[in-house]
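Here's the structure we're looking at; comments come further down.
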Amino acid sequence: MGRGQDGRRIGCTQPRRIAATSVAKRVAEELQVELGAEVGYQIRFQDNTKRDVTSREIHDRWHLARAETRGDQMLKQYDTLIIDEAHERSLNIDFILGYLHRLLPKRPDLKVVISSQRSMPRTFADFFTDTEIVQVEGRAFPVEDVYQPPLDKYERLADQVARAAEDLASCDPLGDTLVFLPGEKRDSRRR
């Protein structure tokens, strides 16, 4: 589509480090290029991009919200930014969206794509002017949410996950399981 040309990059924010690395690897595989060459990723404390990389997966919590906007306030190295999983609405996503809202009148050449689940497009379209909503139907699978409280307040998280997986496997041994875990928990005993 003519993007990522003339020394400019396509950037794609991801909500988690593992998503940034795995998406970059997948895109590099599909384009049959070396990871870090034409497609790379940059996350906190790790930069797997060469100077002439044209597409870069960015971990949004750190990289775009802090490092990129400080060093390149007009984001001139990019001609396209894809904000993936925007419906997660973290403080960093809100910061990025607000930043882009102010930046776009000054950078009409910058193309922004916001990827979100089906319930959110109108919210994002109302926030930005001159927008187009494109709905892409993906595969839909039936999903059932199952919550399992700890046996007691001292049960380790790993034990809770193992117990939940065993319980689910006894109900449906062929089903897939996706486990949502809390973020990093700081141990108050560590200093």
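The values are calculated or read from the model by the stated rules, or taken from the named source; none is laboratory data. This structure is a prediction, so every number in the text was calculated from the model and none was measured. All Cβ positions, glycine included, derive from the backbone under ideal geometry; neighbour counts span all protein chains shown. SASA here: full protein model, heavy atoms, side chains in, ligands and nucleic acids out. Shrake-Rupley method; radii C 1.70, N 1.55, O 1.52, S 1.80 Å.
Which value, in Å², gives the accessible area per residue of the chain when a 1.4 Å probe is used on the protein heavy atoms?
That works out to 75 Å² per residue.
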* **Overall Cα dimensions of the chain, principal axis frame, Å, largest first** => 56, 41, 36
* For the chain, modelled as a Gaussian network with Cα springs under 10 Å, which listed residue fluctuates most, ALA37, ALA140, ALA86? -> ALA140
* Structure fact -> Relative contact order in percent for the chain (Cα pairs under 8 Å, 6+ apart) equals 17
* Structure fact -> Of all DSSP beta bridges having both residues in the chain, the percent classed as antiparallel (nearest 5) is 15
* Provide the convex hull volume over Cα atoms per residue for region 77-163, in Å³. => 175
* To do: Might you report the magnitude of the Cβ-based charge dipole of region 76-131 about its Cα centre, with Lys and Arg at +1 and Asp and Glu at -1, to the nearest 20 debye?
  => 160
* To do: Pop out the carbon and sulfur fraction of the accessible area of the chain as a percent, whole number, probe 1.4 Å.
  => 51
* Let me know the charge dipole size of the chain about its Cα centre in debye, to the nearest 20, where only the beta-carbon of Lys, Arg (+1) and Asp, Glu (-1) is charged. => 1080
* Relative packing of peptides 144-150, 78-84 - highest average C-beta neighbours within 10 Å first -> 78-84, 144-150
* Structure fact -> The answer for the chain, counting only DSSP H helices whose Cα atoms cover 20 angstrom or more along the axis and whose Kyte-Doolittle average is -0.5 or greater, is 17-31, 157-171
* Residue among THR69, ILE93, ALA169 farthest towards the positive dipole end of the chain, charges placed on Cβ -> THR69
* To do: Provide PHE95, PHE124, PHE45, PHE141 ordered by accessible surface of protein heavy atoms (probe 1.4 Å), highest first.
  => PHE45, PHE141, PHE95, PHE124
* 222 nm [θ] for the chain, helices only, -39500 (n - 2.57) per DSSP H run of 4+, per residue, to 500? -> -8000 deg cm²/dmol
